[in-house]
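See below for the structure under consideration.
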Amino acid sequence: MTESPPCVELREVSLIYASDGKTVHALENVSFSVPQGAFVAIAGPSGCGKTTILRLVSGLMPATRGQVLIDGQVVRGPQKKVGMAFQNASLLPWRTALQNVLLPLEVVQPHRAQFRTRRKEYEEEAHRLLRIVGLDGFADKPPYQLSGGMQQRVALCRALVHQPEILLLDEPFAALDAFTREELWGVLQDLWTARRCTVIMVTHDLREAVFLADRVIVMSKRPGTVVSDVTIDLPRPRALADTFSPQFVEYVHLLYDRIGAARNGGT
C-alpha cells in the first residue's frame, strides 16, 4: 500500500532576495513535513524567516533553492486550498461581519462562479462558523462595532469559509490583550477540532504554541533553519487550567531554552 504524501513538505528550502539594495539570506536548507490534519507552530528569534515560510507554502513567493510541496505536488504559484489569517484582522470596513466572511467565496474559484446560485448555502456556512466562534447575532454588524477580539474571530471564519485544506496563521492574536488572546486559543482549538484542516501557525508566544500545537518547530537566527522539532504530547482538548500543569510548564521552559540557544547561534 502506497503511503500518502505529507500535506505540506519543505525540502532543503533556501531563500535569498534583494531588499533596499542589499542581499538578504532569509532561509537556509529548511526541511520539515506536516501530515494532513496536524497543527504545527513555528517559533524562533525575530527575523528568522517564520513568516517567509508561510509565504512560500501559500505560493506567494518562490524558493531560491529546494522545493515546497503540497500533497506531493510542487508549489508553483498561489494555492486555492490555503486559507490565511494575520495579526491584523484587516476586515473591509464597508462590509458587515457576514459579508467579510463571505468574501473568499466571492473571489476564489470555483466558488466565485457558483456564488449566486449557492449564496444561501454559503451564507448558512458563514453563519455556522460565526456561531462556533461566539458571534451569533453579530453577523450584520460592521467592523467598527466589533471589538478587536471579535474582529479576529471574523477573520478566522473568513479564512475557513471556503473549507481550505491548509490554514496559515501569522501571529493571529499578537495584537490582542492577554485575556482576549487566551480566550481565542480555545476558539481556534474548537474550529480546528471541527474542521481538522492542516494548520501552520507562526507565533512568538510559547504558551500559545504549547496550548495549540502538536509540534513546535524552532528556527535559528537568520538565515533561518530548523534547529529543533518538539512534539507536544498533551491530551486534547486543552483548557486554560492546563497551562499551569507541570508538564505544560516544562514544555514552555524547553522551548525557551531552545529559542535562547537559537538566538545565541547554538543548537
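Every number in this text was worked out from the coordinates using simple rules, so none of it is lab data. What you see is a predicted model, and the numbers here were worked out from it, not measured in a lab. A quick note on method: Cβ atoms are made from the backbone with ideal geometry, for glycine too, and the neighbour counts reach across all protein chains shown.
Kindly indicate the residue of the range 98-110 that is free of Cβ contacts under 8 Å to residues at least 40 places away in the same chain and either on the phi > 0 side of the Ramachandran plot or assigned to a helix (DSSP H, G or I) (or both) and also surrounded by the fewest Cβ atoms within 10 Å (Cβ to Cβ) among those meeting that condition.
Looking at residues that are free of Cβ contacts under 8 Å to residues at least 40 places away in the same chain and either on the phi > 0 side of the Ramachandran plot or assigned to a helix (DSSP H, G or I) (or both), I get VAL107.
Considering only residues of the range 158-181 that are part of a helix (DSSP H, G or I) and touching a residue at least 60 places away in the same chain (Cβ under 8 Å), which is surrounded by the most Cβ atoms within 10 Å (Cβ to Cβ)?
ARG158
Can you tell me which condition CYS48 does not meet? The list is (1) part of a strand (DSSP E or B); (2) under 20 Å from MET201 (Cα atoms), and all the others hold.
The failed condition is (1).
What number goes with the only condition from (1) within 17 Å of the chain's Cα centre (by Cα); (2) in a loop (DSSP other than H, G, I, E, B) that ALA209 does not pass?
Just one mismatch for ALA209, condition (2).
Please verify whether ARG258 is assigned to a helix (DSSP H, G or I), charged (D, E, K, R) and under 14 Å from the mean Cα position of the chain (by Cα), treating the condition exactly as stated.
The answer is no for ARG258.
Could you grab the pairs with beta carbons closer than 7 Å, sequence gap of 6+ or different chains, first residue in the range 31-54 and over 14 Å from LEU10 (Cβ atoms), second one in a loop (DSSP other than H, G, I, E, B) and among the β-branched types (Val, Ile, Thr)?
ALA41/THR203; ALA43/THR203
Among all residue pairs at least 6 apart or on different chains, which show Cβ distances below 6 Å where the first residue, located in the range 228-256, is without any contact (Cβ under 8 Å) to a residue 24 or more places away in the chain and closer than 21 Å to LEU184 by Cα and the second is aromatic (Phe, Trp, Tyr) and assigned to a loop (DSSP other than H, G, I, E, B)?
Matching pairs, first to second residue: none at all.
Suppose we keep only residues that are under 16 Å from ASN29 (Cα atoms) and surrounded by 17 or more Cβ atoms within 10 Å (Cβ to Cβ) within the range 64-76. Which one would you say is farthest from the chain's Cα centre (by Cα)?
GLY66
Which residue is nearest to LEU240 (Cα to Cα), if the candidates are limited to the range 182-199 and must be touching a residue at least 40 places away in the same chain (Cβ under 8 Å) and among the hydrophobic types (A, V, I, L, M, F, W, C)? Explain how you work it out, then say what you get.
Residues of the range 182-199 touching a residue at least 40 places away in the same chain (Cβ under 8 Å): 182, 185-187, 189-194, 196-199.
Applying the additional criterion that residues be among the hydrophobic types (A, V, I, L, M, F, W, C) yields 185, 187, 191-192, 194, 197, 199.
Working: TRP185: 9, VAL187: 12, LEU191: 16, TRP192: 17, ALA194: 19, CYS197: 23, VAL199: 20 Å.
Checking each candidate, the answer is TRP185.
Going by the structure shown, is VAL202 in contact (Cβ under 8 Å) with a residue 60 or more places away in the chain, under 24 Å from GLN152 (Cβ atoms) and touching a Ser or Thr at 6+ places or on another chain (Cβ under 7 Å)?
Criteria met by VAL202.
Report, by residue number, each residue of the range 215-231 that is under 17 Å from THR198 (Cα atoms) and either crowded, with 21+ Cβ neighbours inside 10 Å or among the hydroxyl-bearing types (Ser, Thr, Tyr) (or both).
Those that are under 17 Å from THR198 (Cα atoms) and either crowded, with 21+ Cβ neighbours inside 10 Å or among the hydroxyl-bearing types (Ser, Thr, Tyr) (or both): VAL216, ILE217, THR231.
Being within 12 Å of GLN151 (Cα to Cα) and buried (at least 20 other Cβ atoms within 10 Å of the Cβ) is the filter here; which residues of the range 77-97 pass it?
Result: ALA85, ALA89, LEU91, ALA97.
For the range 58-89, which positions are under 16 Å from LEU160 (Cα atoms), in contact with a Pro (Cβ under 6 Å, 6 or more places away or on another chain) and in a loop (DSSP other than H, G, I, E, B)?
The answer is LYS81, and nothing else.
Just the residues that are of a type in the set (D, E, K, R), surrounded by fewer than 18 Cβ atoms within 10 Å (Cβ to Cβ) and not in a loop (DSSP other than H, G, I, E, B), please, taken from the range 1-37.
Those that are of a type in the set (D, E, K, R), surrounded by fewer than 18 Cβ atoms within 10 Å (Cβ to Cβ) and not in a loop (DSSP other than H, G, I, E, B): ARG11, GLU12, LYS22.
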